[in-house]
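First, the structure itself, so that you have it in front of you.
The values are calculated or read from the model by the stated rules, or taken from the named source; none is laboratory data. From a predicted model like this one, the values you see are computed outputs, not experimental measurements. Cβ sites come from the backbone with ideal geometry, for glycine too, and all protein chains shown count toward neighbours. Areas reflect the complete protein model, heavy atoms only, side chains present, ligands, DNA and RNA absent. Shrake-Rupley method; radii C 1.70, N 1.55, O 1.52, S 1.80 Å.
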Amino acid sequence: MTTTIVRAACPHDCPDTCALLVTVADGVAIEVRGDPDHPTTAGVLCTKVSRYTERTYHQDRLLYSMKRVGKKGEGKFEQIGWQEAIDTIAERLQEIAARNPQAILPYSYAGTMGLVQGESMSMRFFNRIGASLLDRTICASAGGTGYKYTIGARIGTDLEQFQNARLILIWGGNPIASNLHFWMRAQEAKRNGAKLIAIDPYRSLTADKCHQHIALLPGTDSALALGMMHVLIAEDLLDHDYIAQYTLGFEQLKQCVHAWTPQKTVEVCGISAEEVLELARAYGGAARRGEAAAIRINYGLQRAHGGGMAVRNITCLPALVGAWRHAAGGVQLSSSDSFPKNNQFLQRPDFLRRHSVLPRTINMSTIGDDLLRESSAGFGPKIEALIVYNSNPVAIAPESAVVACGFAREDLFTVVLEHFQTDTADYADIVLPATTQLEHVDAHSAYGHLYMLANNAAIAPLGQAKPNTEIFRLLAARMGFDDPCFRESDDEIAAQAFDRKNVRAIHFDWNALKQKGWQKLNTPDAPFANGGFPTSSGKCEFYSAQMQQDGLDPLPTYIAPYESRASNPQLARKYPLAMISPPAGNFLNSSFVNVNSLRDTEGEPHLDMHPADARQRGLANGDTVRIYNDRGSFNAKLRVTDKARIGLVVGLSIWWKKMAGDGKNANEVTSQRLTDMGRAPTFYDALVEVEKATAESGAGI
């Protein structure tokens, strides 16, 4: 037996982007483990990726092209060859493009985060056609927008510094499940004497292991940050020198937070005045003592109406107390903008200039409504063709019943590139088998650390599966696109994925990266110790002229949820429970749901509810319950627990609909309404009611 070790990288939508070592024996991958030499992976993988061979060699892997032979949604297909598949797709796209190329829409997100297999050859193809553009907002755009308005870019505290902090606020996340390698460093900080405080409506496993858990109401995080600012200013827990040199708009900020007393904050957030005061004093006090105070923001808190403003308000805090002076201080939402990605080369947006009209943009978060729109002057042409890759929208997009209705259109030509026959693939006209990470080449940045990574192909493609890049090369050739970029190999694309002229990647060499597996960017340990924010003013902007130009309040403020007792009391009388649907620990969005060992560990769809709310409804632990509102309903097994605060229910997600007993998931009750900025979905801004399921409501789960 010939055994080799291949260097690879985890492709999934997770901030950790782990460096992998794949053991291959006689052409078969037999083990995937974390690289012990990679400083952030440190040899440790999550339970999901440690079982990656189970996913790659899954008995349900798609290995051949297929065409639909049943009704949309039935999932009935027959095998066809690649030539027939490519001919069918190209002919249909050419026919539509001849009328109006904007009737063609790509739909993709982060099924792979790779710069090559993600959005390189695919974007070249769609830009060359002149297809509608996709606004990829489903996960992070609200928070990213608020963050950039304040400090200029998605740059923050280096993951490798958090263990040196003395206070860490874990705000809106459950890193044990979704950011394991940050949690390892937070635990190291805790062993060194740091205090950990979790701010989250739900007492997650992470919150359980912190020194303190502040269980605020969903969608009120911006109010808590305003209350903290009020206390910091009122009690002079400030770094006046940092404020004077490196911030803009402090006097206006001082005026706007004056009204946010602890009492007002309590009324909005549903917590105690002592929690507000103690949190602000702990944060300001640590900085006053010269200790590093760090904030790790995660994306849960930005999935409500005011989500962008919430991230903006929190991002103001480090500049007030001078936390940026310390390498282990400051805040991290994302490190994405640290990487000098060469998108002009990767995606060729210059192709758009060949078209007489700049294509419209469709928001992926409103795909349900948009698939059902007719042609109009305001909307443009009706969507006639949809090419889905790296995503499973029938499961993950909001207001799922509407999404499924759109996908069920018989006049919609749908192509899905996939590893498995997902909920979305069931609605396809043509399904194409894509390679997994072990079967192709890719280059990776990260959004939770500062390392570029290379992914080498460990094994040959299974069956007739092809990389995304090769599929779009074949389509481009069949449609007569003779531009040289459509003939570039994956290695040629990866070699130019990062801008070598940028100082942060001055030593970037693709062949060297493939051999070592990873390389850290050339960035300062404390990025804003002496200001230098990448805003127009060069300062942390408490007052943002750009926000005012964009029609937003230029100062931190509070934007209430669409659906809450305070903002919509009439709706709350009908649907009195707030619902959030954070990731289940054994899934990553909808990935890994079909991996048997992981799904068996997760069990079945559950809903967590506080004992007081359960008693009020006559519900008991283990009951099958129906969760519903005007948008729809789904069933789950009830877990009665005080992990959910009173008035909150938590449905850990996101299940494939076909793997739930009632064929539904939590997105039946979420809405397509968008956030205050960033045009993002409001998954955690939903009111529901819960009742015991009956035979009429489909009691099975």
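Apply the a/c threshold of 1.5 to the C-alpha gyration tensor of region 349-453 and tell me whether it is rounded, prolate or oblate.
Values: a/c = 1.85, a/b = 1.28, b/c = 1.44.
Oblate shape, in that a/c is at least 1.5 and b/c is the bigger or equal ratio.
Would you please state which residues of region 323-350 a label at residue 188 would reach in this model, taking the label point 7 Å out along Cα→Cβ and a backbone N cut-off of under 20 Å?
326-335
To the nearest 0.05, what FRET efficiency results for residue 344 and residue 487 with a Förster distance of 25 Å applied to their C-beta separation?
Numbers: r = 18 Å, r/R0 = 0.74.
So, using R0 = 25 Å, E works out to roughly 0.85.
DSSP loop trypsin sites (Lys or Arg not before Pro) in region 541-617 with at most 11 other Cβ atoms within 10 Å of their Cβ, which ones? Don't skip to the answer; put the middle values down first.
Working: sites: 565, 573, 574, 599, 615, 617; in loops: 565, 617.
Of the trypsin sites (Lys or Arg not before Pro), not one in the loops of region 541-617 has a Cβ with at most 11 other Cβ atoms within 10 Å.
OK, next. So what is log10(I(q)/I(0)) for region 73-147 at q = 0.13, 0.14, 0.18 1/Å, when the Debye sum runs over its Cα atoms only?
The Cα Debye sum returns log10 ratios of -0.58, -0.66, -0.97.
Compute the semi-axes of the equivalent ellipsoid of region 280-411, taking the square root of 5 times each eigenvalue of the Cα gyration tensor, and list them largest first in whole Å. Please list the in-between numbers first.
Numbers: eigenvalues 356, 85, 34 Å².
Result for region 280-411: semi-axes of 42, 21, 13 Å.
May I pose another question? Please work out the C-alpha center-to-center distance from region 641-669 to region 284-362 and express it in whole Å.
With region 641-669 and region 284-362 each reduced to a Cα centre, they are spaced 29 Å.
Answer with one residue from 474, 1, 549: the one whose Cα lies farthest towards the positive end of the charge dipole of the chain, charges on Cβ with Lys, Arg +1 and Asp, Glu -1.
Among 474, 1, 549, the one farthest towards the positive end of the dipole of the chain is 549.
How many nm separate the modelled label positions at residue 259 and residue 379, each set 7 Å beyond the Cα in the direction of the Cβ?
With each label placed 7 Å out from Cα toward Cβ, I get 3.9 nm.
Now, a different point. With no other cysteine's Cβ closer than 4.7 Å, which Cys residues of the chain count as lacking a disulfide-compatible partner?
14, 46, 139, 210, 256, 269, 316, 405, 485, 540
Solvent-accessible area per residue for the chain at a 1.4 Å probe radius, Å²?
Working: 24500 Å² over 701 residues.
Roughly 35 Å² per residue, with all protein chains present.
Given a Förster distance of 22 angstrom, what is the FRET efficiency for residue 372 paired with residue 99, based on the Cβ-Cβ distance and rounded to 0.05?
Numbers: r = 20 Å, r/R0 = 0.90.
For R0 = 22 Å, the calculated efficiency reads 0.65.
Something else: Would you grab the residues whose amide H sits under 5 Å from the one on residue 414? Only those 5+ places off in sequence or on another chain, please, with H modelled 1.01 Å from N.
The answer is 386, 429, 430.
A follow-up question, please. What is the dipole size for region 108-224, taken about its Cα centre, with +1 at each Lys and Arg Cβ and -1 at each Asp and Glu Cβ, in debye to the nearest 20?
On the way: 12 positive and 8 negative charges, 27 e Å.
Charge dipole, region 108-224, about its Cα centre: 120 debye, nearest 20.
Please give the helix 468-478 orientation as an angle from the longest Cα principal axis of the chain, in degrees from 0 to 90, rounded to the nearest 10.
Compared with the principal axis, the helix lies near 40 degrees.
If you average the sequence gap of Cα pairs under 8 Å that are 6 or more apart and divide by the length of the chain, what percent do you get for the contact order? Walk me through the intermediate numbers first.
Values: 1664 pairs, mean separation 142.4, N = 701.
After rounding, I find 20 percent.
Using Cα pairs closer than 8 Å and at least 6 residues apart in sequence, work out the relative contact order for region 483-606, in percent.
On the way: 67 pairs, mean separation 10.3, N = 124.
Reported as a whole number, the value is 8 percent.
Here's another thing I want to ask about it. In terms of the Cα gyration tensor, with a ≥ b ≥ c the square roots of its eigenvalues, is region 481-619 rounded because a/c is under 1.5, prolate because a/b exceeds b/c, or oblate? It would help to have the intermediate numbers written out before the result.
On the way: a/c = 2.52, a/b = 1.41, b/c = 1.79.
Because a/c hits 1.5 or more and a/b fails to exceed b/c, region 481-619 counts as oblate.
Which of the residue pairs 71/466; 254/539; 209/643; 148/539; 72/658; 67/466 have a Cα-Cα distance greater than 19 Å in the structure shown? Could the numbers behind the result be given before it?
Values: 71/466 26 Å; 254/539 17 Å; 209/643 13 Å; 148/539 12 Å; 72/658 14 Å; 67/466 17 Å.
Violating the 19 Å limit, Cα to Cα: 71/466.
When ranked by the protection proxy of mean other Cβ atoms within 10 Å per residue, highest first, what sequence do the peptides 14-22, 192-200 form? Before the final figure, lay out each step's value.
Details: 14-22: 26.0, 192-200: 20.1.
Order by mean packing, descending: 14-22, 192-200.
Can I ask one more? Quick one: pull the percentage of alpha-carbon pairs in region 554-701 with a separation above 20 Å. Before the final figure, lay out the partial values.
On the way: 5264 of 10878 pairs.
Counting every Cα pair in region 554-701, those more than 20 Å apart make up 48 percent.
Given only helices, namely DSSP H runs of n ≥ 4 each adding -39500 (n - 2.57), what is the per-residue ellipticity at 222 nm of the chain, to the nearest 500 deg cm²/dmol?
Details: 24 runs with 200 residues, N = 701.
Helices in the chain give a 222 nm mean residue ellipticity of -8000 deg cm²/dmol.
Next question. Given the convex hull of the Cα atoms of region 310-358, what is a quarter of its surface area in nm²? Show your work: numbers first, answer last.
Values: hull surface 23.5 nm².
Value for region 310-358: 5.9 nm².
Here's something else I'd like to know. Roughly speaking, to the nearest percent, how much of the chain's 1.4 Å accessible area is carbon and sulfur?
On the way: 11680 of 24500 Å².
Carbon-and-sulfur percentage of accessible area, whole number: 48.
In sequence order, what are the phi-derived ³J(HN,Hα) couplings for region 551-561 according to the Karplus relation 6.51 cos²θ - 1.76 cosθ + 1.60 with θ = phi - 60°, rounded to whole Hz, with x for glycine and proline?
Values per residue, Gly and Pro as x: x, 10, 5, x, 10, x, 8, 10, 10, 6, x Hz.
Follow-up question, since we're still on this one. Say the dipole of region 47-159 comes from +1 at the beta carbon of Lys and Arg and -1 at that of Asp and Glu; which of 118, 140, 97 then lies farthest toward its positive end?
Result: 140.
Would you be so kind as to identify which of 309, 290, 270 lies farthest towards the positive end of the dipole of region 218-325, taking Lys and Arg as +1 and Asp and Glu as -1 on Cβ and the Cα centre as origin?
Checked the options; the winner is 309.
Could you compute Rg(Cα) / (2.2 N^0.38 Å) for region 261-358, with N its residue count? Could the numbers behind the result be given before it?
On the way: Rg = 19.8 Å, N = 98, 2.2 N^0.38 = 12.6 Å.
This ratio for region 261-358 stands at 1.57.
Over the C-alpha atoms of region 441-545, what are the Rg and the largest Cα-to-Cα span, Dmax, in Å?
In Å, with Rg to one decimal and Dmax whole: 19.0, 57.
Per-residue counts of other Cβ atoms within 10 Å, averaged by peptide: what ranking do you get for 549-555, 32-38, 354-360, highest first? Intermediate values should be presented prior to the final figure.
On the way: 549-555: 14.6, 32-38: 19.6, 354-360: 12.1.
Those peptides, ordered most packed to least, come out 32-38, 549-555, 354-360.
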